[in-house]
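Taking it in order: structure first as structure tokens, then the write-up.
Every number in this text was worked out from the coordinates using simple rules, so none of it is lab data. Keep in mind it's a predicted model, so treat the numbers as computed, not measured. Positions of Cβ are generated from backbone atoms using ideal geometry, with glycine treated the same way; all protein chains shown enter the neighbour counts.
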Amino acid sequence: MAGHEGTRAAAIGALEAGERFLVAVGGDEVVNAVAAGILEWSGDAQSDAVLGVVAGSAQCDFIRTFGLPADPAAACRHLEGEDVFPIDAVRASYGPNATLARFVNMAEVGLGGAIARLTNRLPMSLGRARRFVGFWSALAAYRGKEVRLRGDRRGWEGRANNVVVANGQYASGGYRLSPRSWPSDGYLDVLVMRGPKSDAFTMLDKAVLGEHLPNPNIMEYRCRTLSVEAARPLPIQADGMVLGVTPATFETLPKAIRLKV
């Protein structure tokens, strides 16, 4: 989190100094931090700031929705020219003090948050096995909870393992979890995982291409604002960052980021 805050502060500092083209070099957490800096500087409104991304070898699900390359040389070629694509962002508030956060790709409330929280506690020395160990350890311990969702278009109450709040399509290292999402339509795509928790791994093969939907165990709907409450606090992650716990609210910020494509 300290690195995230430093990157966000550096982005704000560059914008205040007059820069208008910021490039996030790294994975989803770096993209999140730079985008959050742009949004905080602009007051969550549209601005003339432009976000570019060079992922390199870092895991970056965000760029997959737009077909942007991870390879540094190819990514740098995309930074040339004047083509930009306005995309939505999301403002979230969470916890008893309604702490603010912003993100551009995808958040999870429940099992996804628990996986991220446990994974982040594991030593970096595990390398690629870190995500694997975090996933299975969190899954073994997790129990579905009663949740209450309230949106501007509909509400829902019931037992669920995970609630996905999506702006982009990809997460978890290349899985197309929300294939119907398009991050310039002004809507959040909400997926409520209400089946057995074993769905978290039995659907993985289909989720690579987004073929796990439609599914009777996954409720889908769209909204501009969403609140999530539960009898017991549920962990939240957004773009790989562990935020905190419910209650939480999510709100679209239409076309608040100009992405270099």
Computed Rg/Rh of region 2-87, alpha carbon atoms with Kirkwood Rh: 0.94
Unit charges at the beta carbon, dipole of the chain: most positive-side option, ILE12, GLY26, THR246: THR246
Three semi-axes of the equivalent ellipsoid, region 1-149, Cα gyration tensor, whole Å, largest first: 29, 20, 14
Burial ranking of peptide ranges 66-78, 193-205 (average Cβ count within 10 Å, highest at the top): 193-205, 66-78
Region 1-108: GluC sites (Glu not before Pro) falling in loop per DSSP and having at most 15 other Cβ within 10 Å: GLU19, GLU80, GLU82
Rotationally averaged projected area of the chain (alpha carbon convex hull; nm²): 13.2 nm²
Structure-based [θ]222 nm, the chain - -39500 (n - 2.57) summed over DSSP H runs of at least 4, per residue, nearest 500: -7500 deg cm²/dmol
Charge dipole (the chain, unit charges on Cβ, about Cα centre) - positive-most of SER184, THR99, GLY144: GLY144
Electrostatic dipole magnitude of the chain [Cβ: Lys, Arg +1; Asp, Glu -1; Cα centre; debye, to 20]: 940 debye
For region 187-261, the Rg and Dmax computed from alpha carbons only, in angstrom: 14.8, 43
DSSP-loop GluC sites (Glu not before Pro) across region 182-261, with at most 13 other Cβ within 10 angstrom: GLU211
Electrostatic dipole magnitude of region 111-214 [Cβ: Lys, Arg +1; Asp, Glu -1; Cα centre; debye, to 20]: 360 debye
Charged-residue dipole, Cβ positions (Lys, Arg, Asp, Glu), region 2-87 about Cα centre, Debye nearest 20: 140 debye
Percent RCO, i.e. relative contact order, over the chain, from Cα pairs under 8 Å lying at least 6 residues apart: 26 percent
